[in-house]
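K.L.:
Questions regarding the structure given below will be posed in turn.
What follows draws every value from the coordinates through simple rules; no lab data is involved. Computed from a predicted structure; not experimentally measured.
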Amino acid sequence: MIPDGPYTAVVDEIEADTARLELEAPSGDLYDLYVDTDRLPAEGRHESAVLDVVLDEEQISAVEYD
C-alpha cells in the first residue's frame, strides 16, 4: 500500500493506455504506481516526464507536470 501524500513521479514507461510511475516520497521511499494515461496532463504523457502528484487512497487526487 502506498501512503497518502505528495510525491515526485517519473513516467517510467507507457504501454497501451497505462503508465507506470516511479514515485518518490519526501522521505526518499520509492513506490510504483500504474495509472491510465488519461489521468496525466497531456504534456506529461511521455516516458521520463516528471510530475508532482498527490495520492489519496492510492489514487491521484492532484497532478502537475514539472
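K.L.:
Can you list the HN-Hα couplings for segment 23-37, worked out from phi with the Karplus curve (6.51, -1.76, 1.60; θ = phi - 60°), rounded to whole Hz and with x for Gly and Pro?
P.N.:
9, 10, 6, x, 6, x, 5, 10, 9, 10, 9, 9, 9, 5, 4
K.L.:
Continuing with this model, one more query. Considering only DSSP beta bridges where both residues belong to the chain, give the percentage that are antiparallel (nearest 5).
P.N.:
The antiparallel proportion sits near 100 percent.
K.L.:
How large is ³J(HN,Hα), in whole Hz, for each residue of segment 59-66 in order, when computed from phi with the Karplus curve 6.51 cos²θ - 1.76 cosθ + 1.60 and θ = phi - 60°, using x for Gly and Pro?
P.N.:
10, 6, 9, 8, 8, 9, 6, 9
K.L.:
Okay, next question. Given H placed 1.01 Å from N in the peptide plane, which residues other than close sequence neighbours of ALA49 have an amide H under 5 Å from its amide H?
P.N.:
Excluding prolines and chain starts, which carry no amide H, the hits are VAL11.
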